[in-house]
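Every number in this text was worked out from the coordinates using simple rules, so none of it is lab data. Owing to the predicted nature of the structure, the values given are computational and were not obtained by experimental measurement. Please note: Cβ atoms are built from the backbone with ideal geometry, for glycine as well, and neighbour counts cover all protein chains shown.
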Amino acid sequence: LYYTLLTVPTSVALGLGVALLIESDTTGRSFFRTVYFLPVTALLVAMATVWEFILHPDLGLVNQLLWRVFGIAGPDWLSDPRHVLSSLAFIFVWQQTGYNMILFLAGLKAIPSDYYQAAKVDGADRAIDRFLMVIWPGLAPTTLFVVLITTLYSFRVFDTVAALTQGGPANASNVLLFNIYREGFVYFRTGFASAMTMVFLALILVIAVIQIRSFGRKEQGR
């Protein structure tokens with residue numbers, strides 16, 4: 001749950017922000033769209049090796065920048081229980097933002113241009129006014145899908161945990177899906193792993209229903 005709270009709002013907000021920036025800039029739109037989408041096409045297990053080096057406590061780029069720019073000695077991001085889950089969440093956000101951006105770009109294309117003109121006639125000259133009056137209501141179905149798919153992806157995170165931390169240190173990154181794998185294929189407690197899988201599916205279903213009903217009430221309120 002903590003991992004999901006770290007990743008879902010951040011990746012959804014960043015995906016929407018990047019989509020708005022790209023849509024507002026006519027020059028270089030294809031270039032930036034490709035750059036932000038590249039992490040989605042990367043094989044995350046292979047990229048885990050790169051991230052392991054970037055987050056290395058002594059040789060990693062992150063700690064080197066912290067020391068040279070701010071004079072701060074960075075922690076061991078993947079071996080410190082206080083930082084490991086946030087580090088894995090950062091990697092998830094890095095990959096998921098580009099996917100969410102593409103979905104939001106498609107949603108922005110579906111909003112009729114007449115809506116923007118009508119909003120301008122009504123006095124919505126500022127960008128924030130156009131966003132609140134036209135873009136945000138028009139993106140409601142897209143936002144629902146993005147939130148649902150991002151939540152599902154965050155709950156089924158496995159690759160980075162298996163490649164970088166193996167659930168450690170001290171079970172600090174032992175997320176649900178990796179724990180199911182470990183119970184079923186390492187400890188061979190298949191009955192317990194099967195029960196956990198059913199709980200996992202029920203949890204995803206409950207979250208999906210809550211989100212759909214929540215967005216439905218907002219639409220009815222409009």
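Taking the simple approach of a point 7 Å from Cα along Cα-to-Cβ for both Asn174 and Val50, what is their distance in nm?
3.2 nm
Which whole number of Å³ per residue matches the convex hull of the alpha-carbon atoms in the stretch 128-222?
Here the figure is 120 Å³ per residue.
State the percent of C-alpha pairs, over all pairs in the stretch 113-152, separated by a distance greater than 15 angstrom.
The proportion of pairs with Cα distances above 15 Å equals 46 percent.
Could you compute how fast the chain diffuses translationally, taking Rh as the Kirkwood radius over C-alpha pairs and applying Stokes-Einstein at 20 °C with viscosity 1.002 mPa s? Give it in µm² per second.
The diffusion coefficient I find is 109 µm²/s.
Counting only complete DSSP H runs, which helices of the chain cover 27 Å or more along their long axis at the Cα atoms and score a mean Kyte-Doolittle of -1.0 or above?
Span-like helices here: 2-24, 84-109, 190-221.
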